[in-house]
1. Is there any pair with a first residue in the range 352-375 that is touching a residue at least 40 places away in the same chain (Cβ under 8 Å) and a second that is basic (Lys, Arg) whose Cβ atoms are under 8 Å apart and which are 6 or more apart or on different chains, and what are they?
2. Cβ-Cβ distance below 7 Å, separation of 6 or more or different chains: which pairs start in the range 78-100 with a residue that is away from ligand 2 (no atom under 16 Å from the Cβ) and end on one that is aromatic (Phe, Trp, Tyr) and in a loop (DSSP other than H, G, I, E, B)?
3. Looking at Glu123, Glu132, can you tell me which residue is surrounded by fewer than 17 Cβ atoms within 10 Å (Cβ to Cβ), among the acidic types (Asp, Glu) and touching a residue at least 24 places away in the same chain (Cβ under 8 Å)?
4. Of everything in the range 82-99 that's loosely packed, with under 15 Cβ neighbours inside 10 Å and more than 6 Å from ligand 1 (Cβ to nearest atom), which residue is farthest from Phe128 (Cα to Cα)?
5. Any idea how many residues of the range 300-335 are open to solvent by less than 50 Å² (accessible area, probe 1.4 Å) and either within 16 Å of ligand 2 (Cβ to nearest atom) or assigned to a loop (DSSP other than H, G, I, E, B) (or both)?
6. Criterion first (open to solvent by 10 Å² or more (accessible area, probe 1.4 Å), within 30 Å of Lys338 (Cβ to Cβ), touching a residue at least 60 places away in the same chain (Cβ under 8 Å) and touching a strand residue (DSSP E or B) at 6+ places or on another chain (Cβ under 9 Å)) does Ile266 satisfy it?
7. Within the range 29-37, does at least one residue satisfy the condition of being open to solvent by less than 10 Å² (accessible area, probe 1.4 Å), modelled with pLDDT under 95 and away from ligand 2 (no atom under 16 Å from the Cβ)?
8. Would you please name the residue that is nearest to ligand 1 (Cβ to nearest atom), looking only at residues in the range 322-370 that are closer than 24 Å to Glu26 by Cα and among the hydroxyl-bearing types (Ser, Thr, Tyr)?
Amino acid sequence: MNTSVADNVEYGIPPRAYCSSEYYAEELSNIFSKNWLFAGLMLELEGKKHYGVRLGNTEIILQRDEQGKPRAFLNVCTHRHAKLCDPGAHKGPIRCPYHSWVFDRQGIPSGIPQKKSFPLVMEFPEKFRLTEFSCEVVGQFIFVRISPQGPGLREYLGNQYDFLERASNGMNGVLDEFHADVDANWKVVIENSLEGYHVPAVHTRTFGQVDGMSREEAAPIFFLDDPLHSHLEHAANPDWVSRFARMGKKIGQWPWRFEHYTHHLIFPNLTVTSFMGYSFHVQRFDPISVNRTQVHSRTVGVNFSDGTEAGAKMMERIYMDGHSFTRKVFAEDGGICKKIQDGVEQASRYAILGEGIEDRVRHFQKAYQSMNMGE
Ligand code: FES
Ligand SMILES: [Fe+2]
């Protein structure tokens, strides 16, 4: 694709979109209310748990109903509007901290102290159920849409639907997890994750050490056909692949083995990355304010079969290295994102996007603009 000089100068997200509260308010309604948002993983809702999560400016509770289907409710009591739970996982049914109303798996009040005082609620409890949002699932990935109207999840995700389904195959638990705030607008954080151009400058030492990605060999391949989502595949370093092949008997098999690094952005708030499919790194980006973003990061493991104990130990070491690598890279990215935020607040000219190397950033900006932003 040829981008003219004029396009580069005038096209894209204007600097004020990263720091103005008007843009931020518009994003919450045009992007974070209307689209499917990644909310959590099925394996995090196992048992009789409920799970508090903030999506854009909406606080929700996720839980599974009796059929095992995930459901999403507004995190507000129907009695007198107390917030029902804090973010994160909680055991047992939803119980309001104010007057102890209990809500069942479908969000219907099922236990009320002094029930004689609430004859209507006792007679028609389902009329007093928690406000519910659309909630759909692909494999392990639970998505919620705040707005009642819009396309189904499969249509919204396009080809990413199959990727998420396949990636979920054999996922068996969260190996590592952290929440961290980044002092930057959510778009700064996403855009930073969409290019490898900054890697030599920002991650100078970190990337040299671990990582089996090829640098000199083939360039990454970008997949930009979908109007909203994008991904890349970057061939694994052949030495790394052959090392895995040599240890193959010990390590055994895992459900989906590929020989590249992959990074997917599922617009607007999810990235899924994996190296060779032996684990998946799932990150949710949540805007907290115009210049602050919370990131919830998990590394999810998969089932291995036919391996030996020595192989399992080897994988454990690879995972441990991966966890510390992820944290280091995250801290380095957080530091540079803050500098970008400081800069963009002073900027009036549009950014310059490189051809090829920054195509996924441009693609994200187009997706953003397709949400009728700044009109
Ligand atoms: S506000 Fe929830 S029980 Fe009263
Ligand atoms: Fe980075």
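The values are calculated or read from the model by the stated rules, or taken from the named source; none is laboratory data. All values derive from a computational prediction rather than experimental measurement. Cβ placement follows ideal geometry from the backbone for every residue including glycine, while neighbour counts extend to all protein chains displayed. We work out accessible area using only protein heavy atoms, side chains counted, and drop any ligands, DNA or RNA first. Shrake-Rupley method; radii C 1.70, N 1.55, O 1.52, S 1.80 Å.
1. Leu353/Arg362; Phe364/Lys187; Tyr368/Lys187; Met371/Lys34
2. From the range 78-100, the pairs are His79/Trp101; Arg80/Tyr98; Ala82/Tyr98.
3. Result: Glu132 is the single residue among Glu123, Glu132 that is surrounded by fewer than 17 Cβ atoms within 10 Å (Cβ to Cβ), among the acidic types (Asp, Glu) and touching a residue at least 24 places away in the same chain (Cβ under 8 Å).
4. By that ranking, first place goes to Gly88.
5. Total meeting the criteria: 9.
6. Judged against the criteria, Ile266 is not a match.
7. no
8. Tyr368
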